[in-house]
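Here is the structure we will look at.
The values are calculated or read from the model by the stated rules, or taken from the named source; none is laboratory data. Keep in mind that what you see is a predicted model, and the values were worked out from it rather than measured. Cβ coordinates were reconstructed from backbone atoms using ideal geometry, including for glycine residues, and neighbour counts include every protein chain displayed.
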Amino acid sequence: APSDMLPQLTKRSRGRQVPTVPSVVEDAAGRSRSYICKVNGCGKCFQRGEHLKRHIRSIHTNEKPYKCNHPGCGKDFSRRDNLFQHTSIH
């Protein structure tokens, strides 16, 4: 089915368009997005399960399991890559 026949429902996520459930068939590059966030009716869809987990942790639960061990800092991060980026300031 041509993509112009599908509803083009999206949500903005840090400057990127993220498909929601009605447009989940595939993204603009033709990749399937079958991991759907079901938290509070969010509906954002992801191509990979780890991306969905990262989304839930950073947006919905505000978990921050990655901690800076630098003396006196104590900042927490929801993503490991953000912690690594942060450590460059010490």
Those residues of the range 39-52 which are farther than 22 Å from Arg80 by Cα and loosely packed, with under 11 Cβ neighbours inside 10 Å amount to Asn40, Gly41
Condition set in contact with a strand residue (DSSP E or B) (Cβ under 8 Å, 6 or more places away or on another chain) and either modelled with pLDDT of 90 or more or assigned to a helix (DSSP H, G or I) (or both), scope the range 19-34, selection nearest to His55 (Cα to Cα): answer is Val21
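For Gly74, state whether it is over 17 Å from His86 (Cβ atoms), part of a loop (DSSP other than H, G, I, E, B) and either at pLDDT below 95 or touching a strand residue (DSSP E or B) at 6+ places or on another chain (Cβ under 9 Å) (or both). Write out each step before concluding.
Values: over 17 Å from His86 (Cβ atoms): no; part of a loop (DSSP other than H, G, I, E, B): yes; either at pLDDT below 95 or touching a strand residue (DSSP E or B) at 6+ places or on another chain (Cβ under 9 Å) (or both): yes.
No: the conditions fail for Gly74.
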Selection from the range 59-74 of residues over 27 Å from Gly43 (Cβ atoms) and out of contact with any Phe, Trp or Tyr (no Cβ under 9 Å at 6 or more places or on another chain) yields Asn69, His70, Pro71, Gly72, Cys73, Gly74
Cβ pairs under 7 Å, 6+ apart or interchain, first in the range 63-90 and within 23 Å of His51 (Cα to Cα) and exposed (fewer than 13 other Cβ atoms within 10 Å of the Cβ), second of a type in the set (D, E, K, R) and modelled with pLDDT of 95 or more, ordered by first then second residue, are Lys67/Asp76
